[in-house]
Amino acid sequence: MRNFYAVIFSISILLLLLLKPTNIMAQLIADSSANISYNNEIGLHNSLFVKKLAMKRILEKYNSPLKDEVDSFISACQKYDLDCFLLPSISGLESTFGKFILPASHNPFGWGGG
């Protein structure tokens with residue numbers, strides 16, 4: 001009976017070791033025939049295009065008066081190294097994307113009390 005438990009224990013440990021998830025890492029050189037390279041300019045351009053398109057769609061969906069300011073949002077996020085969705089998100093929470101602001105305040109973010 002003792003051997004039975006020893007075998008069950010050994011098989012359990014072996015299964016745990018075999019089923020343990022392992023980290024898989026990509027390498028820059030895939031075998032000897034293919035190199036992986038990155039073009040940051042294309043990636044940056046596509047990324048900004050996608051962000052701009054996403055912002056424009058959301059602002060248009062909510063009929064926001066800020067829908068023509070997408071380039072300003074992109075410019076500010078690049079200038080101040082911000083997530084490009086941060087400012088539109090704040091304006092969505094604070095003023096329903098610029099719909100409800102104090103007259104002549106030009107402040108859809110609620111900063112300084114509105």
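The values are calculated or read from the model by the stated rules, or taken from the named source; none is laboratory data. Everything numeric here is computed off the predicted structure, so don't read it as measured data. No Cβ is skipped: glycine too gets one built from the backbone with ideal geometry, and neighbour counts run over all protein chains shown.
To keep it simple, each residue is scored yes or no on (1) more than 17 Å from Phe109 (Cβ to Cβ); (2) among the charged types (D, E, K, R); (3) not in a helix (DSSP H, G or I).
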residue: Leu48; (1), (2), (3): yes, no, no
residue: Lys52; (1), (2), (3): yes, yes, no
residue: Met55; (1), (2), (3): no, no, no
residue: Leu59; (1), (2), (3): no, no, no
residue: Asn63; (1), (2), (3): yes, no, yes
residue: Val70; (1), (2), (3): no, no, no
residue: Cys77; (1), (2), (3): no, no, no
residue: Asp83; (1), (2), (3): no, yes, yes
residue: Ser91; (1), (2), (3): no, no, no
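Evaluation of Glu60 against the conditions (1) within 23 Å of the chain's Cα centre (by Cα); (2) at pLDDT below 90; (3) surrounded by 10 or more Cβ atoms within 10 Å (Cβ to Cβ) shows that the sole unmet condition is (2).
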